[in-house]
1. What is the set of long-range amide H partners of Ile444 at a cut-off below 5 Å, with H atoms built 1.01 Å from backbone N?
2. Per residue, what accessible area does the chain have, given a 1.4 Å probe and all protein chains present, in Å²?
3. What do you reckon, how do His21, His200, His122 stack up by accessible area (1.4 Å probe), largest on top?
4. For the chain, what does -39500 (n - 2.57) per DSSP helix run (n ≥ 4), summed and divided by total residues, give at 222 nm, in deg cm²/dmol to the nearest 500?
5. Relative contact order for the stretch 79-279 using alpha-carbon pairs under 8 Å, separation at least 6, rounded to a whole percent?
6. Go through the stretch 252-261 residue by residue and turn each phi into a ³J(HN,Hα) via Karplus (6.51, -1.76, 1.60, θ = phi - 60°); whole Hz please, and just put x for glycine and proline.
7. What's the local net charge at Ser127, with K and R +1, D and E -1, over the other residues with C-beta under 9 Å away?
8. Quick check: pseudo-label points 7 Å beyond the Cα along Cα→Cβ at Val230 and Thr320, how many nm apart are they?
Amino acid sequence: MKTAMARPVTSFICQECGATHKKWAGRCDACGAWNTVVEEAPLSQGPGRGLGAAKGKTVPLTPLSTLEPPPPRTSSGLVEFDRVLGGGLVPGSAILVGGDPGIGKSTLLLQAASALARQGSHAIYISGEEASAQVRMRAHRLGLAEAPVRLGAETALRDILTTLDAEQPDLAVIDSIQTLWSDTVEAAPGSVSQVRASAHELVTFAKKRGVAIIIVGHVTKDGQIAGPRVVEHMVDTVLYFEGERGHQFRILRAVKNRFGPADEIGVFEMTGGGLAEVANPSALFLSERGQPSPGSAVFAGIEGTRPVLTEIQALVAPSTLASPRRTVVGLDSGRVSTILAVLEARCGIPFAGLDVFLNVAGGMRVNEPAADLAIAAALLSAREDSALPADCVTFGEISLSGALRPVAQAENRLKEAQKLGFSQAIIPASQKIEGAGGMRLDRITDLTSFVGEIFGAG
Ligand code: TYD
Ligand code: MG
């Protein structure tokens, strides 16, 4: 066996993707980004690394069949927040909350920590971005001044961990990971190695002491938590706080959850008095819908375990550009391109020479393939300048041949639509339904027959 090298080797790490290089390079081989490779000192190495250097202790092993009770959970007091976590906070879990700067992460977590503290739990909020006075002022504005949350303003990780160790809280919020500074790494706060080392120490601490730790992470322009993806792999739960700046709706989405279902969402509304929970998101997302107008289609979707209706809006207009615009907000643009291609190739409806704008009303994001038919309906409705019936929802996946495929949880979608006053649904013919609950079903086999039936064109 080789002996370990004595001199600690510095490494060159891409700040974009976290890839490690032997020497500096202008361009990262792994992700192709320019000027992102930075020299960083290695993690401090404990005495004797490698096999045989130091005796480790044996790890206790258990059989697979050991019956573990489900993890105990502490309700945070915010129903929507608990829902996204899968039923409440799990002690000893590490949660990453990511989102654009200014979207409301600090507000949300201050509210959650306060709600938890009011129920008698011990909650600590450490801010590395704002002074305690600033956080207190915010708490005043939110009407939370009386909540027994303990505040701290600190960026030195060692001091934070020492404090947490002494306090033994149920919940610690760390706002944000990009401001933390760990003395085991010689790199600037916010750099990949600092973020990685700090996250690692926090996660280890959470596990060891049974403290639930929520780590705030800012998101870069291209939608990733600043710092490498490794942070997402380290924590138990990754939540994204999303929303459009101009809209008051905010969506907390679980993208990874070791203790609950991923894809679950919680819906909030940003008000003057902080974030208000929205118990019935469908009603909120459809509240701005006026008279039936061309280009609007209501999609009966499912987010996690909950049905959510959203309005998909399209605008199709003659283009003066050589390559017409395809502006898509809140939907997968690849998916939209596919649907445009299917409409063109299978139904003979060209979109060449036309600008296409698509978005989901209210700043919601829809990722389900089940939204295909609603997207096609909105596009066709806009192009033909003919409105769909006002009391109609739709869902269904479109295949490349133009055929319609059934989707999951059709009954739940229909039930929610009926609850909100819709009376008919356009769905795939192959969709099996056990009880439409009084909804009138318009079953269609493929996109061409849909075009003929609804718009009388073809
Ligand atoms: P903040 O929680 O500081 O965002 P983040 O921590 O994600 O950077 O939220 C800041 C925004 O929220 C700011 O633009 C003002 C708005 N806001 C309200 O509209 N109402 C409120 O009660 C509060 C506290 C903030
Ligand atoms: Mg903040």
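1. Amide H to amide H, under 5 Å and 5 or more residues apart or across chains, Ile444 pairs with Ile427, Ala429.
2. Accessible area per residue: 47 Å².
3. Working: His21 30, His200 110, His122 50 Å².
So, going from the largest accessible area down, we get His200, His122, His21.
4. -7500 deg cm²/dmol
5. Contact order relative to length: 30 percent.
6. 3J(HN,Hα) across the stretch 252-261, in whole Hz: 9, 10, 7, 9, 8, 7, 6, 10, x, x.
7. Working: positive: none; negative: Glu129, Glu130, Glu154, Asp175.
Counting the neighbours of Ser127, the net charge comes to -4.
8. 5.2 nm
The values are calculated or read from the model by the stated rules, or taken from the named source; none is laboratory data. On a predicted model such as this, the values are computed, not experimentally measured, just so you know. We place every Cβ from the backbone using ideal geometry, glycine too, and count neighbours over all the protein chains shown. Surface accessibility is based on the protein's heavy atoms, side chains included, excluding ligands, DNA and RNA. Shrake-Rupley method; radii C 1.70, N 1.55, O 1.52, S 1.80 Å.
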